[in-house]
Amino acid sequence: TEMVGAEDLEYLIRRPPVVTIMGHVDHGKTTLLDSIRKTKVAQGEAGGITQHIGAYHVDVEHNGQEQQVVFLDTPGHEAFTAMRARGARVTDIAILVVAADDGVQPQTIEAISHAKAAGVPIVVAINKVDKEGAQPDRVKQELTEYALVPEEWGGDTIMVPVSAINGDNLDTLLEMILLVAEVEDLSANPDRSARGTVIEAHLDKAKGPVATLLIQNGTLHVGDILVAGSSLGKVRAMVDDRGKRVQVASPSFAVEVLGLSDVPSAGDEFEVFQDEREARAVSDARADDQRQSRLLAAVSSRRVSLNTLSAKAQEGDLKELNLVLKADVQGSLEAILGSLRQLPQKEVQVRVLFAAPGEISETDVDLAAASDAVVIGFNTTLAPGARQAADRAGVDVRDYNIIYKLLDDVQGAMEGLLDPEMIEEPLGQVEVRAVFPVGRGAVAGCYVLSGKIVRNCKIRIRRGNNLVHEGNLDSLKRMKEDAREVNAGYECGIGLDNFSAWQIGDIIEAYRMISKRRTLAK
Ligand code: GDP
């Protein structure tokens, strides 16, 4: 969605550029982000305290004025990937980091194509020029193959040699970013109600849902009513990237916001409403949409799983344990998903239908109910109503705060899906000491040598080394009365429906079959 519309045109003012750093692994993205932050932020701030909220801004002297540049500082690149997947457009300028000693690499090319596809201008930072084997000109040469031609060679791409480690030339890089920003003519209307994108979110045990919002148009105020994703809220407090409580946040700046009812996802858009009823209607509609698409996802994943099931049926019984996973933060989720992948899944497969940070909601329970899943929470809580919904639908909801316990239980649940193994439990040995003909058959007069013999148990009759009969014990009597069991040292009478060829000296082995819970095959 376009964040700035026709209605804003009269009120537009310039806003700072929002910058993302991209490039191949180990080319120095993190070092560059840290280094810019340290040299430009920490020195100016009392105590140098900064707050990691997923974005930070720096002040740069440009054209005799102090101007700002905002950097997205998303940990790993997952959040950014998620934002791209949702089509959220949050970046105005991409800094492409290429190590001067390593040149263009696969992720360099990928970054170029992503930026081009999104129509985002690229500024190249040729990094590690302090290193011995650095060849900045070779990097320029290689980049021309991807239609990035340096200005000094007649092209229009700005390329700045830098050393992220030493801080060399970072000022030039920042100036160049502002130069490109000028050309891009980035603007927003500060007088309208705010809208933008969630760039990070997590559940804090004490503070509740916490989200970092990038303001892309308008101004956000404490007290504003907003909808982020499907989550409704009223801004209770805002903290900026320097750890300061603030009352307002203007275009291109990011703030951490408290007061949402639920944890939105990175890449969700947010919007401020004047009217709480309208906000509620929008959030309800979005919650419905989400619920529907989750259910659809569950149904289609079930369909897939049914196909794989029938395909695997010949190889053996492949069973599935469906899970819906909620955790306090993305990091916990990744740790749990990683550990789940390590569980032996030859016989039972773990299928995670949905995993997200946040509390366990009614929607999660609905999803679990629709797909026979267990809801697993880690360091999180149940939303009001979720417990009742779970009880109603008979959904198993479990909460953990120790990862090993969670994994143990999941493994236990997987084992619970295996068909139990039947094993033989020996009961005792009985010797035939007399044979009494009864009708057409015969009853054996016996003595229990060891253990015991039990009504309805299984038996084997051995004569010397031969097995002469195998079957069930049909009648067991003690002193002519039916007996439930007879212990070692006592006499008893035994009759079988389909065997009567007893001989004195036969040994009856009594046993029963018991089911034993199986463990997962590795
Ligand atoms: P990322 O994977 O792109 O985030 O790369 P990092 O920032 O983690 O850097 C990878 C490695 O390169 C680290 O060992 C850094 O210390 C090193 N490095 C980063 N920038 C420079 C630089 O300007 N000069 C030198 N010599 N090493 C650098």
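The values are calculated or read from the model by the stated rules, or taken from the named source; none is laboratory data. Model, not experiment: these values are computed from the prediction. Ideal geometry is used to build each Cβ from the backbone, glycine not excepted, and the neighbour counts take in all protein chains shown.
Has the range 137-150 got any residue that is surrounded by 19 or more Cβ atoms within 10 Å (Cβ to Cβ), at pLDDT 90 or above and within 16 Å of the ligand (Cβ to nearest atom)? Scanning the range 137-150 turns up at least one residue that is surrounded by 19 or more Cβ atoms within 10 Å (Cβ to Cβ), at pLDDT 90 or above and within 16 Å of the ligand (Cβ to nearest atom). All told, Ser515 falls short of being in contact (Cβ under 8 Å) with a residue 40 or more places away in the chain, surrounded by 14 or more Cβ atoms within 10 Å (Cβ to Cβ) and among the polar types (S, T, N, Q). Restrict the check to the range 89-108 and report whether at least one residue is under 25 Å from Ile13 (Cα atoms), modelled with pLDDT under 90 and not charged (D, E, K, R). Yes, the range 89-108 has at least one match.
Candidates are the residues of the range 151-164 that are under 12 Å from Val129 (Cβ atoms) and part of a strand (DSSP E or B); the one that is farthest from the ligand (Cβ to nearest atom) is Met159.
Is it the case that some residue within the range 497-509 is at pLDDT below 95, of a type outside the set (D, E, K, R) and assigned to a strand (DSSP E or B)? Taking every residue of the range 497-509 in turn, none turns out to be at pLDDT below 95, of a type outside the set (D, E, K, R) and assigned to a strand (DSSP E or B). Only one entry in Ala434, Ala370 is of a type in the set (Gly, Ala, Ser), surrounded by fewer than 21 Cβ atoms within 10 Å (Cβ to Cβ) and closer than 30 Å to Gly445 by Cα, namely Ala434.
So that you can scan it fast, the table gives a plain yes or no per residue for (1) within 16 Å of the ligand (Cβ to nearest atom); (2) among the small types (Gly, Ala, Ser); (3) part of a loop (DSSP other than H, G, I, E, B):
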| position | (1), (2), (3) |
| --- | --- |
| Asn166 | yes, no, yes |
| Thr172 | yes, no, no |
| Met176 | no, no, no |
| Ala181 | no, yes, no |
| Pro190 | no, no, yes |
| Gly196 | no, yes, no |
| Ile199 | no, no, no |
| Ala211 | no, yes, no |
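In the range 19-40, the qualifying residues are those that are of a type in the set (A, V, I, L, M, F, W, C) and within 7 Å of the ligand (Cβ to nearest atom), and the one that is surrounded by the most Cβ atoms within 10 Å (Cβ to Cβ) is Leu32. Does Ile494 fit the bill of being under 16 Å from Val435 (Cβ atoms) and touching a residue at least 24 places away in the same chain (Cβ under 8 Å)? Criteria met by Ile494.
Scanning the range 55-74 for residues that are within 13 Å of Thr30 (Cα to Cα) and either touching a Lys or Arg at 6+ places or on another chain (Cβ under 8 Å) or not hydrophobic (A, V, I, L, M, F, W, C) (or both) gives Phe71, Asp73, Thr74. Taking the range 23-71 as the range and being in contact with a Phe, Trp or Tyr (Cβ under 9 Å, 6 or more places away or on another chain) and at pLDDT 90 or above as the test, the residues that pass are Leu33, Ile36, Ala55, Tyr56, His57, Val58, Gln68, Val70, Phe71.
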